[in-house]
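A quick write-up on the structure given underneath.
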Amino acid sequence: MPARIALIEDHPANLELMQYLLHHFGYVTLVATDGEQGLALVRRERPDLILCDLQLPLLDGYEVARQIKADAALRDIPLIAVTAFSMPGDSEKGLAAGFLAYFAKPIEPETFVAQIEQFLPPALRAAPAQ
Ligand code: MN
């Protein structure tokens, strides 16, 4: 069964693109558009993977990551930052907050899903396109 992937992202066009690409490959997406909603979504749904923007209303992505990592029921869910931040040190700060990886926006439609899938166990990957 393909993974359920949480998208925590406040930018509509970016959210739409990620949803489009993931749905195209057969993944289920769960969406939140601010950090508080995102945390509530993750606690309620226990997704298989989380993609989280860093710059978010109410709680930023670093705080979302800290709270997920502080929760024993959630801390093993792979957590990936998807962000336009590109200041020196942002990547290190993201990794320190608990993000496994850091994808820079703009998203590359040709490679996005393949990059995401590296962080999913094989049983949760969508069937490869023939
Ligand atoms: Mn944002």
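At what distance in angstrom do the alpha carbon centres of segment 96-110 and segment 27-71 lie from each other? Their Cα centres are 14 Å away from one another. Accessible area per residue for the chain is 52 Å², calculated with a 1.4 Å probe on protein heavy atoms, without ligands, DNA or RNA. Of the residues GLY89, GLY26, GLY61, the one that moves most in a GNM of the chain with alpha-carbon contacts below 10 Å is GLY89.
Mean residue ellipticity at 222 nm from the helices of the chain, using -39,500 (n - 2.57) per DSSP H segment of n ≥ 4 over the full residue count, to the nearest 500 deg cm²/dmol? The partial results should precede the final answer.
Values: 5 runs with 47 residues, N = 130.
Here the helix-only value at 222 nm equals -10500 deg cm²/dmol.
Surface composition of the chain: carbon and sulfur make up 57 percent of the accessible area, probe 1.4 Å. Loop-located GluC sites (Glu not before Pro) in segment 58-120 (DSSP state other than H, G, I, E, B) with a sparse environment of at most 13 neighbouring Cβ atoms within 10 Å: GLU110. The Cβ shell under 14 Å around LEU124 holds other residues with a net charge of 0, Lys and Arg each +1, Asp and Glu each -1.
Determine one quarter of the surface area of the Cα convex hull of the chain, which equals its mean projected area, and express it in nm² to one decimal. Each step should come with its number before you reach the end.
Values: hull surface 29.4 nm².
Orientation-averaged projected area of the Cα hull: 7.3 nm².
Please get the size of the charge dipole for the chain, origin at its Cα centre, with Cβ charges of +1 on Lys and Arg and -1 on Asp and Glu, quoted in debye to the nearest 20.
400
The values are calculated or read from the model by the stated rules, or taken from the named source; none is laboratory data. Nothing here was measured: the structure is a model prediction, and the numbers come from that model. Cβ sites come from the backbone with ideal geometry, for glycine too, and all protein chains shown count toward neighbours. Calculation scope for accessible area: heavy atoms of the full protein, side chains included, ligands and nucleic acids excluded. Shrake-Rupley method; radii C 1.70, N 1.55, O 1.52, S 1.80 Å.
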